[in-house]
1. Can you list residue pairs whose Cβ atoms sit under 6 Å apart, with the first residue in region 1-13 being farther than 12 Å from residue 64 by Cα and the second being modelled with pLDDT of 95 or more? Count only pairs 6 or more apart in sequence or on different chains.
2. Among the candidates 11, 39, which residue alone is assigned to a loop (DSSP other than H, G, I, E, B) and not hydroxyl-bearing (Ser, Thr, Tyr)?
3. Return the residues of region 26-72 that are aliphatic (A, V, I, L, M) and more than 13 Å from the chain's Cα centre (by Cα); say none if nothing qualifies.
4. Among the residues of region 12-34, is there at least one that is in contact with a Lys or Arg (Cβ under 9 Å, 6 or more places away or on another chain) and of a type in the set (Val, Ile, Thr)?
5. Can you tell me which of 41, 21 is out of contact with any helix residue (DSSP H, G or I) (no Cβ under 6 Å at 6 or more places or on another chain), of a type outside the set (Phe, Trp, Tyr) and surrounded by 13 or more Cβ atoms within 10 Å (Cβ to Cβ)?
6. Give the residues of region 46-67 that are of a type outside the set (S, T, N, Q) and either open to solvent by 80 Å² or more (accessible area, probe 1.4 Å) or more than 18 Å from residue 19 (Cβ to Cβ) (or both), sorted by residue number.
7. Going residue by residue through region 24-33, is there one that turns out to be at pLDDT 95 or above and crowded, with 16+ Cβ neighbours inside 10 Å?
Amino acid sequence: MLTDIAAVLAKEAPTSIELPGYLASEDDVEGLLRFGDEKIGIYYEHSLSYLSLMSSNASVLQRIADRLQPLVALAA
């Protein structure tokens, strides 16, 4: 899913995802999404299929949400 998100966002600005190595015993993971010059926090919880993108810059999160609207269900 993160690969699909990055591919959509990369149409607007250089985008990359940084995640730690996989540990089978962990249910959640924190990482970083780079979208242009912005750093967006990533939190994913596998058992709940919960993905959160976090930033103190609300306008960047809104830009991301606008691009992702057709791809994922968004919650405020």
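1. 2/17
2. Details: 39 fails: assigned to a loop (DSSP other than H, G, I, E, B).
Residue meeting the stated conditions: 11.
3. If the condition is that a residue be aliphatic (A, V, I, L, M) and more than 13 Å from the chain's Cα centre (by Cα), then 48, 58 are the ones that fit.
4. The answer is yes, given that some residue of region 12-34 is in contact with a Lys or Arg (Cβ under 9 Å, 6 or more places away or on another chain) and of a type in the set (Val, Ile, Thr).
5. Numbers: 21 fails: surrounded by 13 or more Cβ atoms within 10 Å (Cβ to Cβ).
Only one candidate qualifies: 41.
6. At the first step, the residues of region 46-67 found to be of a type outside the set (S, T, N, Q) are 46, 48, 50-51, 53-54, 58, 60-61, 63-67.
Passing the criteria: 46, 48, 50, 54, 58, 60, 61, 63, 65, 66, 67.
7. Scanning region 24-33, I find at least one residue that is at pLDDT 95 or above and crowded, with 16+ Cβ neighbours inside 10 Å, so the answer is yes.
The values are calculated or read from the model by the stated rules, or taken from the named source; none is laboratory data. Predicted model, so just to flag it, every value in this text is computed and none were measured. Because the Cβ atoms are built from the backbone with ideal geometry, glycine has one as well, and the counts that use them run over all protein chains shown. Accessible surface is based on the protein model in full, side chains and every heavy atom, while ligands, DNA and RNA are left aside. Shrake-Rupley method; radii C 1.70, N 1.55, O 1.52, S 1.80 Å.
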